[in-house]
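Enquirer: Questions regarding the structure given below will be posed in turn.
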Amino acid sequence: SFGLDKQPKTLYLSDLQVHHGSCNGGLYSRPFIESFEETPMLVAVLTYMGYGILTIFGYLRDFLRARKIEKCHIAREREEQKDFVPLYQDFENFYTRNLYMRIRDNWNRPICSVPADKVDLVERVSYDYNWTFSHTGRVVKDVINMGSYNYLGFSENKGSCADAVAEVTLKYGAGVGSTRQEMGNLDGHEELEKLVARFLGVESAMAFGMGFATNSMNIPALAGKGCLILSDELNHASLVLGARLSGSTIRVFKHNNMQSLEKLLRDAIVHGQPRTHRPWKKILILVEGIYSMEGSIIRLPEVIALKKKYKAYLYLDEAHSIGALGGRGRGVVDYFGLDPTDVDIMMGTFTKSFGAAGGYIGGKKELIDYLRSHSHSAVYATSMSPPVVEQIITSMKCIMGEDGTTIGKKRIQQLAENTVYFRRRLREMGFIIYGNNDSPVVPLMVYMPAKIGAFGREMLKRNIGVVVVGFPATPIIESRARFCVSAAHTKEMLDQALSAISEVGDLLQLKYSRHRILPTLDRPFDETTYEECED
Amino acid sequence: MIQTTKMASGQQWVLVEMVQAFYEAPAYHLILEGILILWIIRLLFSKTYKLQERSDLTEKEKEELIEEWQPEPLVPAVSNDHPSLNYDVVTGPPSHKITVNGKECINFASFNFLGLLDNERVKQKALASLKKYGVGTCGPRGFYGTFDVHLELEERLAKFMKTEEAIIYSYGFATIASAIPAYSKRGDIVFVDEAACFSIQKGLQASRSFIKYFKHNDMEDLERLLKEQELEDQKNPRKARVTRRFIVVEGLYMNTSDICPLPELVKLKYKYKVRIFLEESMSFGVLGEHGRGVTEHFGVSIDDIDLISANMENAVASIGGFCCGRSFVIDHQRLSGQGYCFSASLPPMLASAAIEALNIMEEDPEIFTILREKCKHAHKALQDIPGLKVVGEAFAPALHLQLEHSTGSRESDVRTLRSIIDYCLDRQIALTQARYLDKEERFLPPPSIRVVVTVEQTEEEIEKATSCIREAALARLE
């Protein structure tokens, strides 16, 4: 193995400068500091109790609704179709009806301005405990936006990007009406693809209209029956769907755990396919740059070393990390100072750092040529809208500095500074923060179901818009609030947000941290590896 | 001493109790206990084995295997003259007059049915929206990605289609591909037409349900399958009570351009208790007096269809897609539709463009009749071309021209059709081939040329196009 057998020791705050990389023979050129503090025992017990009480009340409510004692707001099947097989089973929607409904006002909040550093929310009110909402007609102005994925602040309606897009809208219109292979391949698309390839440092690139669909439509083109996909346990739904649709065998390794990955690789090559023991046609490793629910950064140097040793192919999904990491904004490869040609398939989205929509895949020319002719998206899906293409081109040129300004460079620096400052202050206040020190996605642990709703509402009262996440996006007791730091946030805004968070944290007793940060090998490596076969 | 004897007698007393219980126990109890004890003894002495055989190979052998293993190349090589590799390049807006590969042509290839791709009002609305909201939404619907424009568009679509609720997606392909797996899970049964488009096929694959294909537009074949299923149900009524069933059809089929027999489908729905999902990408904004699609065309009540899905990339000339129906059905997708929950929402300027397109459609319902007239005209004009046959309904705006006599090899057919298209491109008529993924389609349609009729084309232009195709066919189909 790779010498990852250093004895784990408890790290204290003062020890945070310990380099984990130094024991890996120089694979890491910078300190890699991640922490996932353990859930305090009392908190875990109380959380389970909380869910237990909610479940009991849920059954009670269902009973009352069935006996018509309580008014039923749930939509009902048509009279004429009452004898059809029911479309939903009651137990499938138990969680939605009884738990999600109570705190539903924290999600799907409509906005009516550009989602920049501050945003205007449409005021909603509910008179029947969140079953229906009505708009009061008022607007909550200038809410500090800690929820939108606006890492480099390109979500704006003024400036050079917006002017260029306006021009293209008037010239080309909004739609395209055809697929890439038929009549939908515009000159703008070709220009965009060349620019993306230059940005990433790869030979060639291809752009698609939707980030989710980029994964779900292209992984099936790259892997098929007889191939093996090794996927991280916390991968995004689009990667999981793409892997399932491909028909390959999927095996899951523990999150960001290189020993688990190496074990799976060795077992796969040595034993071959299950039962027949034929060798695998190819092995594809699916990982993400930044995991948005954990805030962790993939250990890319180790993954690349493993992939080279075992001759596997690496598919890197940089949805959150492109533009947000790295000295030049080129993503996690730039962050670690590695060679982009080492990653076989570099995938990413334009939604987060570029303020547009869509996804891309970059790699060698053979790969992209193959995708141009065999990708589901090129054949059956409408190509990208011209104004969106223009937005990506102008923002990417700005980040690269090719528009003649230093705006891009300044924003990248500002984001890095904001991230470090925000995380440090939150940790000092005593919250449990997950993830890597350099990741602009900051999950703050909340744990208890009632606190999820309370946190979201209290922050909104103080004019800060946050995102809270619970089950099923996270494990049941690990609910969290997730902040997305942006380059557009000034220090004053961050300070305002931090003081509000501290206030609410004291009010709701969220400062759980005991400063017992376990080292990054804390996730115990165990023998159970997961195997899931496609039928 | 006394204590130990007391203890000993206590133990003896317990032992006596036990022996008594042993004699008093019923026979079956003793036999059961005896079997269990024998089973435990067997398990204790049987050989243990691990799930994955790891013990057989030595470390050295494993290293050798790892050294020797060679994977396939990541992708197979694609030759430079692969027909799908070299795209036609469009410079400038892809509207009625389109510049393809440097030549200005009349557009018979883009799905711009109502000519709204370069409509000034639509562009101005999109521009106004850009100035207010910027381009991207920077988040999924759940996390500050819901704009008031999205809510307005959903309301307008629901009102237009006269349903309770509508839900919008940011990508047309993902609409039906996310809707089907939200309702149909492992163990459910879906009856689908053979000519269903690729996005429906991907939705079915993601759902892991049992898929039963019936012959294209053949209601008797469908009824046969439904009757077979009924017989199966009688064998296992408990399972049948929880197995959901769906029929998935398209209004106007993209691959064959004909219409589905909706009234018969509705009769089958109530007879066999199956739900209908209707995909209306090609018929929304085309059929019906007000452009509401195939339900208006046949006069079927919209409540009889459980879910209508369409993309906004054809008649509506924007990007994205929507599903509409009763709230009971549609609301479920807000938490279970993968393409809705886990993806960024539609850029607001594209949503505004769609709202303006809806406005135009509502103000001027004449355009649908005009469009259908032009389609009929084109359909008639394309008849009697030697070597090519027209496939599709007379009022369908997207027709297929297939070779009457195939050469036997799909590759050479594709090349012949490409030469016809090149001939037409030289004479300023833009056409395209209908593209498919040969190895992935379940029922691969024969190669064809796609001819799209839009409301902006004049009669002269249609005449010019048809005569050009006729010449091309004569020239290239020897």
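The values are calculated or read from the model by the stated rules, or taken from the named source; none is laboratory data. All figures in this text were calculated on a predicted structure; none of them were measured in a lab. Note: ideal-geometry Cβ built from the backbone for every residue, glycine included; neighbour counts use all protein chains shown.
Enquirer: Within the bounds of the range A:54-69, is there any residue that is at the interface with another protein chain (Cβ under 10 Å from one of its Cβ atoms), not basic (Lys, Arg) and not in a strand (DSSP E or B)? Write out each step before concluding.
Expert: Initially, the range A:54-69 is screened for residues at the interface with another protein chain (Cβ under 10 Å from one of its Cβ atoms), giving none.
No, that holds for no residue.
Listed here are the residues, each with its yes/no results for (1) at positive phi; (2) buried (at least 20 other Cβ atoms within 10 Å of the Cβ); (3) facing chain A (nearest Cβ under 9 Å); (4) outside any loop (DSSP other than H, G, I, E, B).
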{"residue": "B:ARG292", "(1), (2), (3), (4)": "no, yes, no, no"}
{"residue": "B:GLU296", "(1), (2), (3), (4)": "no, no, no, yes"}
{"residue": "B:SER309", "(1), (2), (3), (4)": "no, yes, no, yes"}
{"residue": "B:VAL316", "(1), (2), (3), (4)": "no, yes, yes, no"}
{"residue": "B:CYS324", "(1), (2), (3), (4)": "no, yes, no, yes"}
{"residue": "B:LEU335", "(1), (2), (3), (4)": "no, no, yes, yes"}
{"residue": "B:GLY339", "(1), (2), (3), (4)": "no, yes, yes, yes"}
{"residue": "B:MET349", "(1), (2), (3), (4)": "no, yes, yes, yes"}
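Enquirer: Considering only the range A:275-301, state which residues are at the interface with chain B (Cβ under 9 Å from one of its Cβ atoms) and either under 30 Å from A:VAL467 (Cα atoms) or not aliphatic (A, V, I, L, M) (or both).
Expert: Matches in the range A:275-301: A:PRO279, A:TRP280, A:LYS281, A:LYS282.
Enquirer: Moving on. Quick one: in the range B:41-77, of everything that is within 7 Å of chain A (Cβ to nearest Cβ) and modelled with pLDDT under 85, which residue is surrounded by the fewest Cβ atoms within 10 Å (Cβ to Cβ)?
Expert: Ranking the candidates gives B:GLN52 first.
Enquirer: Please determine whether any residue of the range A:217-232 is in contact with a strand residue (DSSP E or B) (Cβ under 9 Å, 6 or more places away or on another chain), in a helix (DSSP H, G or I) and polar (S, T, N, Q).
Expert: Yes, the range A:217-232 contains a residue that is in contact with a strand residue (DSSP E or B) (Cβ under 9 Å, 6 or more places away or on another chain), in a helix (DSSP H, G or I) and polar (S, T, N, Q).
Enquirer: While we're looking at this one, here's another question. Consider A:GLY173 against the criteria (1) within 7 Å of chain B (Cβ to nearest Cβ); (2) on the phi < 0 side of the Ramachandran plot: it satisfies all of them except one. Which criterion is unmet?
Expert: The one condition A:GLY173 does not meet is (2).
Enquirer: Considering only residues that are surrounded by fewer than 16 Cβ atoms within 10 Å (Cβ to Cβ), away from chain B (no Cβ under 11 Å) and closer than 21 Å to A:TYR127 by Cβ, which ones fall in the range A:74-100?
Expert: Hits for the range A:74-100: nothing passes.
Enquirer: If you take the residues in the range A:201-210 that are in contact with an Asp or Glu (Cβ under 9 Å, 6 or more places away or on another chain) and under 25 Å from A:VAL240 (Cα atoms), which one is farthest from the other protein chains (Cβ to nearest Cβ)?
Expert: A:ALA205
Enquirer: From the residues in the range B:271-283 that are within 14 Å of chain A (Cβ to nearest Cβ) and under 23 Å from the mean Cα position of the chain (by Cα), which one is surrounded by the most Cβ atoms within 10 Å (Cβ to Cβ)?
Expert: The residue in question is B:GLU279.
Enquirer: Can you name the residue in the range A:216-252 that is surrounded by fewer than 23 Cβ atoms within 10 Å (Cβ to Cβ) and either aromatic (Phe, Trp, Tyr) or touching a Pro at 6+ places or on another chain (Cβ under 7 Å) (or both) and is also nearest to B:GLN70 (Cα to Cα) among such residues?
Expert: Filtering the range A:216-252 for residues that are surrounded by fewer than 23 Cβ atoms within 10 Å (Cβ to Cβ) and either aromatic (Phe, Trp, Tyr) or touching a Pro at 6+ places or on another chain (Cβ under 7 Å) (or both), the one nearest to B:GLN70 (Cα to Cα) comes out as A:SER246.
Enquirer: For the range B:202-214, how many residues meet the condition of being in contact with a helix residue (DSSP H, G or I) (Cβ under 9 Å, 6 or more places away or on another chain) and either polar (S, T, N, Q) or more than 10 Å from chain A (Cβ to nearest Cβ) (or both)?
Expert: 9
Condition check ((1) in contact with a strand residue (DSSP E or B) (Cβ under 9 Å, 6 or more places away or on another chain); (2) under 25 Å from B:CYS138 (Cα atoms); (3) of a type in the set (Val, Ile, Thr); (4) part of a helix (DSSP H, G or I)) across all residues:
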position: A:LEU87; (1), (2), (3), (4): yes, no, no, no
position: A:PRO115; (1), (2), (3), (4): yes, yes, no, no
position: A:VAL122; (1), (2), (3), (4): yes, yes, yes, no
position: A:TYR129; (1), (2), (3), (4): no, no, no, no
position: A:GLY147; (1), (2), (3), (4): yes, yes, no, no
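Enquirer: Count, please, the residues in the range B:95-135 that happen to be at the interface with chain A (Cβ under 7 Å from one of its Cβ atoms) and within 25 Å of the chain's Cα centre (by Cα).
Expert: Qualifying residue count for the region: 5.
Enquirer: Mind listing whichever residues of the range A:342-371 are more than 19 Å from the chain's Cα centre (by Cα), in contact (Cβ under 8 Å) with a residue 12 or more places away in the chain and within 13 Å of chain B (Cβ to nearest Cβ)?
Expert: If the condition is that a residue be more than 19 Å from the chain's Cα centre (by Cα), in contact (Cβ under 8 Å) with a residue 12 or more places away in the chain and within 13 Å of chain B (Cβ to nearest Cβ), then A:VAL343, A:ASP344, A:GLY363, A:LYS364, A:LYS365, A:LEU367, A:ILE368, A:ASP369, A:TYR370, A:LEU371 are the ones that fit.
Enquirer: Now for a separate question. May I ask you to list pairs of residues, at least six apart or on different chains, whose Cβ atoms are under 9 Å apart, with the first in the range B:433-444 being within 16 Å of B:ASP88 (Cα to Cα) and the second being among the aromatic types (Phe, Trp, Tyr)?
Expert: B:ARG435/A:TYR380
Enquirer: If B:PHE443 meets every condition in (1) hydrophobic (A, V, I, L, M, F, W, C); (2) in contact with a Leu (Cβ under 9 Å, 6 or more places away or on another chain); (3) over 25 Å from B:ALA475 (Cα atoms) apart from one, which number is that one?
Expert: Single failed check for B:PHE443: (2).
Enquirer: Among the residues of the range A:378-400 satisfying the criterion of being at the interface with another protein chain (Cβ under 7 Å from one of its Cβ atoms) and assigned to a helix (DSSP H, G or I), which is nearest to B:ASN255 (Cα to Cα)?
Expert: Ranking the candidates gives A:TYR380 first.
Enquirer: Let me ask something else. For the range A:183-198, name all the residues that are surrounded by fewer than 24 Cβ atoms within 10 Å (Cβ to Cβ) and either assigned to a loop (DSSP other than H, G, I, E, B) or among the aromatic types (Phe, Trp, Tyr) (or both).
Expert: A:ASN185
Enquirer: Picking from B:ARG450, B:ARG418, B:ARG442, which residue would you name as being touching a strand residue (DSSP E or B) at 6+ places or on another chain (Cβ under 9 Å), closer than 25 Å to B:PRO94 by Cα and surrounded by fewer than 17 Cβ atoms within 10 Å (Cβ to Cβ)?
Expert: After ruling out the rest, the residue left standing is B:ARG418.
Enquirer: Away from chain B (no Cβ under 11 Å), within 13 Å of the chain's Cα centre (by Cα) and β-branched (Val, Ile, Thr): is that true of A:VAL332 in this structure? Reasoning before the result, please.
Expert: Numbers: away from chain B (no Cβ under 11 Å): yes; within 13 Å of the chain's Cα centre (by Cα): no; β-branched (Val, Ile, Thr): yes.
So A:VAL332 does not fit the description; no.
Enquirer: In addition: On the basis of being assigned to a helix (DSSP H, G or I), surrounded by 14 or more Cβ atoms within 10 Å (Cβ to Cβ) and modelled with pLDDT of 90 or more, does A:ILE103 make the cut?
Expert: Yes, satisfied.
Enquirer: Another question, then. For the range B:244-261, name all the residues that are out of contact with any Ser or Thr (no Cβ under 7 Å at 6 or more places or on another chain) and not in a loop (DSSP other than H, G, I, E, B).
Expert: Of everything in the range B:244-261, those that are out of contact with any Ser or Thr (no Cβ under 7 Å at 6 or more places or on another chain) and not in a loop (DSSP other than H, G, I, E, B) turn out to be B:ARG245, B:ILE247, B:VAL248, B:VAL249, B:GLU250, B:ILE259.
Enquirer: May I ask you to list the residues in the range B:189-215 that are surrounded by fewer than 18 Cβ atoms within 10 Å (Cβ to Cβ) and assigned to a loop (DSSP other than H, G, I, E, B)?
Expert: Within the range B:189-215, B:GLU194, B:ARG208, B:LYS215 meet the criteria.
Enquirer: Restricting attention to the range A:303-323, does a residue exist that is within 30 Å of A:ILE476 (Cβ to Cβ), facing chain B (nearest Cβ under 10 Å) and among the polar types (S, T, N, Q)?
Expert: Scanning the range A:303-323 turns up no residue that is within 30 Å of A:ILE476 (Cβ to Cβ), facing chain B (nearest Cβ under 10 Å) and among the polar types (S, T, N, Q).
Enquirer: Still on this structure, I have one more. Scan the range B:118-137 and give yes if some residue there is within 30 Å of B:ILE370 (Cα to Cα) and at pLDDT below 90, otherwise no.
Expert: Yes, the range B:118-137 contains a residue that is within 30 Å of B:ILE370 (Cα to Cα) and at pLDDT below 90.
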